[in-house]
Ligand SMILES: Cc1cc2nc3c(=O)[nH]c(=O)nc-3n(C[C@H](O)[C@H](O)[C@H](O)COP(=O)(O)O)c2cc1C
Ligand code: SF4
């Protein structure tokens, strides 16, 4: 069904848009409005500039940038993490992320939001972040973000020759665990999808990258779209899918263009016969990174997670068996096939493989570093040029992982070791905090994020995120010595009663800060 161009250009729910879309599509207006109003980018079309309020951007002065933009009369608001924590503070101008926006940049824009540009961004090129390590020896890297894209399709042809069973055996031998957050063994999902009686199956790429502190998938898409498309084609061929859906967050305007051109190149060369790629833009909702919420959004509904089981491998997109993977997981596949599962496994330090670590906050060179899985914070910080100031605390895996104290700096940043510390590796969005940071402030930022991004489906998550944020604010305002007395209770209820990981992880910034830095909540 064609939506009139005028409506497409509105860019969101301006008055009359829901009705016009309803007329053009035959979908009831209430449903159109209901879906549109779920997504930040559609729900507030008048907001043209969105200043990231993620922790790393806050440390770099995002609040001042937002205040200056508002004072200048620009249509600006705060927003959740823009996957640009390495270049803070980031601002979204319509759908384009501007890195390291300064107060001078805001002043230069005057009263015209269209003129806001970052003096840190090259005028003729899209900005890319720092990646490393800058090694001559790509033998130690599975993704090698500094390498050149390779559109030969060699790994796909190899997969075809090996056959599905052998491909899955190679992935099992590699020990590859999902890089999207849960660390689930990849081969188990592949076997699960392949074993279904239903023969219509799908592969979905999760490029919704929204966990605060995480920006690695952006770099993979920008620098090595070849690995992503070839990995997807291998996955589709192996699990018996002909259609692949790529779900990119709506703020990824530049990566979108890169992937679109890469798909055109693969098609022109006829690299992946029997595999069709479809791109889908998210519209601003962190929860759509959760795989079942993503599937709901792909199907045209509000991005609310589904109850599991059934798992997507059994009943996913349009009720069919679906393999959902993170960008980094998928991009590892060509190297695993090319060099062998054992080679990949041996790249890791305490667990299998190399890993893209994102590091931001108080380090000298924030960026994305491919290192052995299981390096320590000290080793990661060394790759990133060292700490800025004296280390106080860190978030090892984005907002969902809470905080660990400096004493944990030599703990392996791996799935297992961090789980043992009551935290998680998640998507390896490591945020480093020095001793200028007040932990109640840092926790408050993260709590606000979860409250804003809860989909509202489960009462413990919907009410609990707000309750915790309000309790902490009351404590910060000096009101009520007992304000945080029931935080642990609320956290327990959220953990028990939430459908998805958001509600389960949301209390962690507060409960871990309380555990490791109790003195900061005393006075
Ligand atoms: C609240 C929430 C947000 C998530 N966000 C992302 C995300 O942005 N990207 C991602 O790949 N996985 C995300 N996940 C994990 C996905 O649900 C899923 O586990 C993953 O896409 C599977 O791919 P993998 O096996 O390659 O890790 C999120 C999970 C939760 C609970
Ligand atoms: S836990 Fe929160 S985000 Fe997840 S489904 Fe429930 S309400 Fe939605």
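Taking residues in region 309-325 that are at positive phi, and partners anywhere that are within 16 Å of ligand 2 (Cβ to nearest atom) and in a strand (DSSP E or B), not one pair has Cβ atoms closer than 7 Å while being at least 6 places apart or on different chains. When region 68-91 is filtered for residues that are buried (at least 24 other Cβ atoms within 10 Å of the Cβ) and within 21 Å of the chain's Cα centre (by Cα), the ones remaining, listed by number, are 79, 81, 82, 83, 84, 85, 86, 87, 88, 89, 90, 91. Just one residue in the set 235, 169, 142 is within 15 Å of residue 344 (Cβ to Cβ) and part of a helix (DSSP H, G or I); that residue is 169.
Each residue in region 194-212 was checked for being touching a strand residue (DSSP E or B) at 6+ places or on another chain (Cβ under 6 Å), away from ligand 1 (no atom under 12 Å from the Cβ) and not in a strand (DSSP E or B), and 0 of them qualify. Residue-level analysis places residue 449 among those that are touching a residue at least 60 places away in the same chain (Cβ under 8 Å), under 23 Å from the mean Cα position of the chain (by Cα), under 26 Å from residue 179 (Cβ atoms) and within 16 Å of ligand 2 (Cβ to nearest atom). Within this structure, residue 215 fails the test of being surrounded by fewer than 20 Cβ atoms within 10 Å (Cβ to Cβ) and either at pLDDT 95 or above or within 12 Å of ligand 1 (Cβ to nearest atom) (or both). The residues listed here are 101, 65; of these, the one that is in a loop (DSSP other than H, G, I, E, B) and surrounded by 24 or more Cβ atoms within 10 Å (Cβ to Cβ) is 101. Within region 318-327, the set of residues being touching a helix residue (DSSP H, G or I) at 6+ places or on another chain (Cβ under 6 Å) and closer than 20 Å to residue 217 by Cβ comprises 323, 324, 327. Of all residues in region 438-454, those that are touching a helix residue (DSSP H, G or I) at 6+ places or on another chain (Cβ under 7 Å) and more than 16 Å from ligand 1 (Cβ to nearest atom) total 7. Of the residues making up region 336-380, those that are assigned to a helix (DSSP H, G or I), more than 21 Å from the chain's Cα centre (by Cα) and within 18 Å of residue 404 (Cβ to Cβ) are 378, 379. Residues considered: 488, 513. Of these, the only one that is more than 16 Å from ligand 1 (Cβ to nearest atom), in contact (Cβ under 8 Å) with a residue 60 or more places away in the chain and either more than 28 Å from the chain's Cα centre (by Cα) or under 30 Å from residue 409 (Cα atoms) (or both) is 513.
Annotation: residue 457 fulfils all but one of (1) in contact with a helix residue (DSSP H, G or I) (Cβ under 8 Å, 6 or more places away or on another chain); (2) within 22 Å of residue 288 (Cα to Cα); the unmet one is (1). Can you confirm whether residue 375 is surrounded by fewer than 24 Cβ atoms within 10 Å (Cβ to Cβ) and away from ligand 2 (no atom under 16 Å from the Cβ)? So residue 375 fits the description; yes.
Scanning region 115-167 for residues that are at pLDDT 95 or above, over 30 Å from residue 270 (Cβ atoms) and more than 27 Å from the chain's Cα centre (by Cα) yields a single hit, 115. For region 70-98, a residue qualifies if it is assigned to a strand (DSSP E or B) and under 17 Å from residue 128 (Cβ atoms), and the qualifying residues are 96, 97, 98. Elements of the type helices (runs of 4 or more DSSP H) sitting completely within region 472-523 and holding at least 1 residues that are within 16 Å of ligand 2 (Cβ to nearest atom) and under 16 Å from residue 442 (Cα atoms): these cover 501-505, 508-516. All of 263, 295, 234 fail the test of being over 23 Å from residue 321 (Cβ atoms) and either away from ligand 2 (no atom under 16 Å from the Cβ) or modelled with pLDDT of 95 or more (or both), apart from 263. If you check residue 296 against the conditions, is it without any contact (Cβ under 8 Å) to a residue 24 or more places away in the chain, assigned to a helix (DSSP H, G or I) and within 13 Å of ligand 1 (Cβ to nearest atom)? So residue 296 fits the description; yes.
Take residue 182 and decide whether it is away from ligand 1 (no atom under 14 Å from the Cβ), assigned to a loop (DSSP other than H, G, I, E, B) and either within 17 Å of residue 312 (Cβ to Cβ) or modelled with pLDDT under 95 (or both). No. Kindly indicate whether residue 325 is assigned to a strand (DSSP E or B) and either surrounded by fewer than 21 Cβ atoms within 10 Å (Cβ to Cβ) or within 16 Å of ligand 2 (Cβ to nearest atom) (or both). Spelling it out, it is not the case that residue 325 is assigned to a strand (DSSP E or B) and either surrounded by fewer than 21 Cβ atoms within 10 Å (Cβ to Cβ) or within 16 Å of ligand 2 (Cβ to nearest atom) (or both).
The values are calculated or read from the model by the stated rules, or taken from the named source; none is laboratory data. Here the structure is a predicted model, which is why all the values come from computation and not from measurement. Cβ sites come from the backbone with ideal geometry, for glycine too, and all protein chains shown count toward neighbours.
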